[in-house]
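**Student:** Questions regarding the structure given below will be posed in turn.
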Amino acid sequence: MGKSERRLKLEASLAENPGDTFLRYGLAMQCLQEGDLAEGRQRLRDLIADHPEDSIAAYQQLAQSLLDHGEIEEARAILEVGIVKARLKGDAHAASEMEGLLIQC
């Protein structure tokens with residue numbers, strides 16, 4: 001299966017603006033949506049590694065993808081860190097959502 005037009009556009013935009021965290025997140029999510037779990041997850045991991053304090057949504061989406069495929073231990077570890085980061089950032093909503101996911105672990 002080939003890449004979607006949307007994914008190709010995101011890749012092109014990201015090539016022009018490699019530091020754009022919004023584009024990086026969008027491309028990761030597009031990869032996941034298209035079923036390219038390995039690339040999507042790696043892009044989320046890279047985003048978290050590069051911007052650990054500002055990638056709250058990436059923690060949540062990575063953990064959700066892992067949970068969806070039975071990778072409970074790794075999802076739990078991601079959620080625990082993500083919850084702390086969300087609280088430190090003052091994002092109670094994201095922390096609450098991740099706590100809800102953590103219960104599923």
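Coordinate-derived values only; no laboratory data. Remember, it's a predicted structure, so these values are computed and weren't measured experimentally. Because the Cβ atoms are built from the backbone with ideal geometry, glycine has one as well, and the counts that use them run over all protein chains shown.
**Student:** Who wins for biggest fluctuation among Arg41, Arg76, Arg87 in a Gaussian network model of the chain, springs between alpha carbons below 10 Å?
**Tutor:** Arg87
**Student:** To one decimal place, what Kirkwood hydrodynamic radius in Å is obtained for the chain from all pairs of distinct Cα atoms? Walk me through the numbers on the way to the answer.
**Tutor:** Details: mean 1/r = 0.0717 Å⁻¹.
It is 13.9 Å.
**Student:** If you build a Gaussian network model of the chain, linking Cα atoms that sit under 10 Å apart, which residue out of Ser65, Ser55, Ser13 swings the most?
**Tutor:** Most flexible of the set in this elastic network: Ser13.
**Student:** Anything in the chain that counts as a DSSP H helix reaching 24 Å or more along its axis (C-alpha) with Kyte-Doolittle mean of at least 0.0? List them, would you?
**Tutor:** On the way: long enough: 72-89 (25 Å, 0.40).
TM-like helix candidates: 72-89.
**Student:** Here is a follow-up. Compare Leu47, Leu66, Leu88 in a GNM of the chain, Cα atoms joined below 10 Å, and give the one with the largest fluctuation.
**Tutor:** Most flexible of the set in this elastic network: Leu88.
**Student:** Take Ile103, Ile48, Ile78, Ile56 and order them by how many other Cβ atoms sit within 10 Å, fewest up front.
**Tutor:** Listed from fewest to most nearby Cβ atoms, that is Ile103, Ile48, Ile56, Ile78.
**Student:** Let me ask something else about it. Please order Asp91, Asp46 by the number of other Cβ within 10 Å, starting at the fewest.
**Tutor:** Values: Asp91 17, Asp46 14.
The order, fewest Cβ neighbours first, is Asp46, Asp91.
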